[in-house]
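Asks: The structure's right below; bear with me while I get my questions together.
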Amino acid sequence: MSANQSASTGKLDNYFKLTARGTTVRKEMIAGLTTFLAMVYSVIVVPSMLGQAGFPHTAVFIATCLVAGLGSLLMGLWANLPMAIGCAISLTAFTAFSLVLGQNISVPVALGAVFLMGCLFTVFSLTGIRTWILKNIPIGIAHGAGIGIGLFLLLIAANSVGLVVKNPFDGLPVAMGKFTSFSVLMSLAGLAAIFGLEKRKVPGGVLLVIVAISIIGLIFDPNVKYQGIFKMPQLGEDGLSLLFAMDIKGALQPLVLPSVLALVMTAIFDATGTIRAVAGQANLLDKRGQIINGGKALTSDSVSSIFAGVIGAAPAAVYVESAAGTAAGGKTGLTATVVGILFLLILFLSPLSYLVPAYATAPALMYVGLLMLGNVTKLDFSDFVDAMSGMVCAVFIVLTCNIVTGIMLGFGCLVIGRIFAGEWRKLNIGTVLITIALVAFYAGEWAI
C-alpha cells in the first residue's frame with residue numbers, strides 16, 4: 001500500500017470509526033454496493049407509481065435518485081450509520097393512489113402535503129419526540145418489530161419473483177407460485193449459495209451472488225437486456241421540472257390535512273421501527289439498548305422528506321433493505337456514503353439499473369429476512385406478556401403487510417395484558433400514551 005493510500009485509509013478510519021466498530025474500508029464498500037443493489041429497484045418503481053398519478057416520469061426519476069443519493073450521504077456523513085435513505089414505497093403508493101388518484105388532489109398539492117409532512121416529521125425529530133418514542137418502545141416489541149420486518153422482507157422478496165403469489169381462490173390469501181419458473185429457481189439457488197458462502201465466510205458473498213445471478217439473467221433471460229451504460233439525465237417533454245412546484249397553501253385545506261397527519265404518523269412509527277430493527281441487526285446499540293447517534297439518524301430521514309417535497313418526489317425513509325448491507329458487514333456511515341454516491345451516479349448510468357433483475361436481489365433480501373428472525377431468541381419469555389406482545393407485533397407486521405399496524409397491535413396487547421396480569425405497575429406513562437395515540441389513529445380510520 002502506498003503512503004497516499006495509507007493516509008486516505010487512515011482518514012476514513014478516523015472519520016467513520018472503522019476500527020472502533022470492527023470493520024474495514026473494503027467491508028464497508030462491499031456492504032454499500034450490496035445495499036445499493038438491493039434497493040436500486042426504487043428508481044424504477046417510484047417513477048412508475050407516481051407516473052400513473054400524472055407525475056412527469058423523468059422528473060420523478062431524477063428526484064428519486066437525488067433523494068436517495070443526498071439522503072444516504074446525510075445519514076452516512078453526519079449520523080455515521082450504515083442505513084440508506086430513499087423514497088418510501090408505501091408512502092409513494094399512498095401519495096399516488098390515495099392522495100392524487102383517490103382524492104383528486106393535484107400534483108402540486110400532493111407535493112405540498114409531502115413537504116408539510118417532512119416539516120412536521122423533522123419537528124418531531126428535533127424536539128426529541130421520536131427519541132422519546134424509541135425509549136418508550138418496550139423491549140419485546142422492539143425485538144418483535146425486528147422479527148416482523150424480517151418476515152416482511154421474506155414476503156416482499158418471495159412475491160417479487162413469483163415464489164409466493166396472491167391466491168386466486170377462496171381461502172388463504174397467498175399461495176405457492178410456479179416453482180419451475182426461471183426467476184423462482186434462480187432465487188432459491190441464490191439463497192442456497194449465500195448460505196454456503198456465508199458459512200465459509202467468503203468476503204462479499206451476498207454481493208457475489210447478486211452479480212453472478214445478474215450475469216446469468218443477462219445470458220439466459222430475454223427480459224434482461226443490455227441497454228447501454230451512460231445516459232445524460234434530461235427533462236424532456238414528459239419531465240417538466242417539479243422543483244419548488246409544491247402548493248403548501250393547497251395542502252393546508254381541511255380535505256388534505258388528515259392525509260398529511262396520516263403520512264406523519266405512518267412515517268414516525270414505520271421509519272423509527274425500521275431504524276431500530278436495522279441498528280439492532282448491526283449491533284449498533286449502546287449499553288442502554290439505544291441506537292448509537294439515534295437522534296441524528298432520526299433527523300436525517302425526516303429532513304430528506306422535506307427535500308423530497310421541494311424537488312418533486314415521494315416521502316423519504318430509511319430502507320429496510322439497508323439490512324442487506326449490515327448483513328454483508330456494514331457497520332459505519334461509509335456504507336451509506338457509498339450508497340449515496342452510487343445513487344447520484346445512477347443519474348448518468350441509468351441503463352445499468354435494468355441489468356439487476358428482481359431475482360438477483362431477492363436471495364439477499366430473503367437471507368437478511370431469515371437473519372432478522374434471530375431476534376426471537378432475544379425475547380424474554382420469563383416476562384410472558386412482553387414477549388407475547390412482541391410476537392403479536394411480529395406476526396401482524398407480515399399478515400397485514402404494515403409495520404405500523406403490527407406495532408399498534410403489539411402495544412395494545414402489552415397494555416391490556418399487563419392490566420389483566422396484575423402487572424400494571426410495570427407500565428410507564430410513555431408506553432400508555434403511545435398506545436392511546438396509535439389506537440386512536442386506527443380507530444379514526446386515518447391509518448395508511
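The values are calculated or read from the model by the stated rules, or taken from the named source; none is laboratory data. In this text, all values refer to a predicted model and were calculated from it rather than measured experimentally. For neighbour counting, all protein chains shown are included, and Cβ atoms are generated from backbone atoms with ideal geometry for every residue, glycine included. Quick note on the areas: whole protein, heavy atoms, side chains included, nothing else; ligands and nucleic acids left out. Shrake-Rupley method; radii C 1.70, N 1.55, O 1.52, S 1.80 Å.
Asks: What percent does the relative contact order of the chain come to when contacts are Cα pairs within less than 8 Å and at least six residues apart?
Replies: Numbers: 826 pairs, mean separation 152.1, N = 448.
Reported as a whole number, the value is 34 percent.
Asks: Go ahead and estimate [θ] at 222 nm for the chain from helices alone: -39,500 (n - 2.57) per DSSP H run with n ≥ 4, summed, over the residue count, rounded to 500. Spell out each step's value before the answer.
Replies: Working: 19 runs with 277 residues, N = 448.
When only DSSP H runs of four or more count, the value is -20000 deg cm²/dmol.
Asks: For region 26-77 and region 186-218, what is the separation of their C-alpha centers, rounded to whole Å?
Replies: 23
Asks: In nanometres, what is the gap between the two model label sites at Ala447 and Leu344, each 7 Å from Cα along Cα-to-Cβ?
Replies: Spacing of the two 7 Å Cα→Cβ label points: 4.0 nm.
Asks: Run the simple label-point estimate for Trp78 and Val211 please: 7 Å along Cα→C-beta, distance reported in nm.
Replies: Result for the modelled spin labels: 3.3 nm.
Asks: Amide H of Val174 versus every other amide H placed in the peptide plane: which residues, excluding those fewer than 5 positions away on the same chain, fall under 5 Å?
Replies: The list, which skips near neighbours in sequence, is Asn167.
Asks: On to the next question. Output the pairs from Lys27/Lys135; Lys178/Lys201; Lys135/Lys426; Lys17/Lys296; Lys135/Lys378; Lys27/Lys199 with a Cα-Cα distance over 22 Å in this structure; if there are none, say none.
Replies: On the way: Lys27/Lys135 31 Å; Lys178/Lys201 32 Å; Lys135/Lys426 15 Å; Lys17/Lys296 16 Å; Lys135/Lys378 18 Å; Lys27/Lys199 17 Å.
In this structure, Lys27/Lys135; Lys178/Lys201 exceed 22 Å between Cα atoms.
Asks: Using the alpha-carbon centroid of each, what span in Å lies between region 371-448 and region 272-293?
Replies: 18
Asks: Given DSSP loops and a limit of at most 15 other Cβ atoms within 10 Å, what is the longest stretch of the chain that contains no such trypsin sites (Lys or Arg not before Pro)? Walk me through the numbers before you get to the answer.
Replies: Numbers: sites that count: Lys178, Arg200, Lys201, Lys225, Lys231, Lys287, Arg288.
Longest run free of exposed loop sites: 1-177.
Asks: May I ask you to list the residues of region 315-352 whose amide nitrogen lies under 15 Å from a point 7 Å from Cα along the Cα→beta-carbon direction of Asp221?
Replies: 352
Asks: Once you charge only the Cβ atoms, +1 for Lys and Arg and -1 for Asp and Glu, what is the size of the charge dipole of the chain about its Cα centre, to the nearest 20 debye?
Replies: Values: 24 positive and 17 negative charges, 217 e Å.
In debye, rounded to 20, the chain gives about 1040.
Asks: Let me ask another. Which whole-number value in Å² is the accessible area per residue of region 157-263, probe 1.4 Å? Intermediate values should be presented prior to the final figure.
Replies: Numbers: 7050 Å² over 107 residues.
Value returned for region 157-263: 66 Å² of accessible area per residue.
Asks: Let me ask you something else. Would you list the membrane-span-like helices of the chain, meaning whole DSSP H runs whose alpha-carbon atoms span at least 30 Å along their axis and whose mean Kyte-Doolittle value is at least -0.5? Show your work: numbers first, answer last.
Replies: Numbers: long enough: 139-160 (32 Å, 1.74); 257-281 (36 Å, 1.20).
Qualifying helices: 139-160, 257-281.
Asks: Can I ask one more? May I ask you to list the residues of region 294-308 whose amide nitrogen lies under 17 Å from a point 7 Å from Cα along the Cα→beta-carbon direction of Val123?
Replies: 299, 302-307
Asks: If you don't mind, another one. Assuming 0.36 nm per residue, please report the length gained on full extension of the stretch Gln253 to Val439 beyond their Cα-Cα distance. Please report the intermediate quantities before stating the final value.
Replies: On the way: separation 186, 0.36 × 186 = 66.96 nm, distance 2.51 nm.
Length gained, Gln253 through Val439: 64.5 nm.
Asks: Moving to a separate point now. Any idea how far apart Phe420 and Phe169 come out in nm if each label point goes 7 Å out from Cα toward Cβ?
Replies: Computed distance between label sites Phe420 and Phe169 equals 3.6 nm.
Asks: Here is a further query. Could you please state how large a percent of the accessible area of region 342-404 is carbon and sulfur, counting protein chains only and using a 1.4 Å probe?
Replies: Details: 1800 of 2390 Å².
Its accessible area is 76 percent carbon and sulfur atoms.
Asks: Within a Cβ distance under 11 Å of Thr23, other residues only, what is the Lys/Arg minus Asp/Glu net charge?
Replies: Values: positive: Lys17, Arg21, Arg26, Lys27, Lys331; negative: Asp13, Glu28.
So the environment of Thr23 carries a net charge of +3.
Asks: Expressed as a whole percentage, what fraction of the accessible surface of region 117-188 belongs to carbon and sulfur atoms when a 1.4 Å probe is rolled over the protein heavy atoms?
Replies: 73
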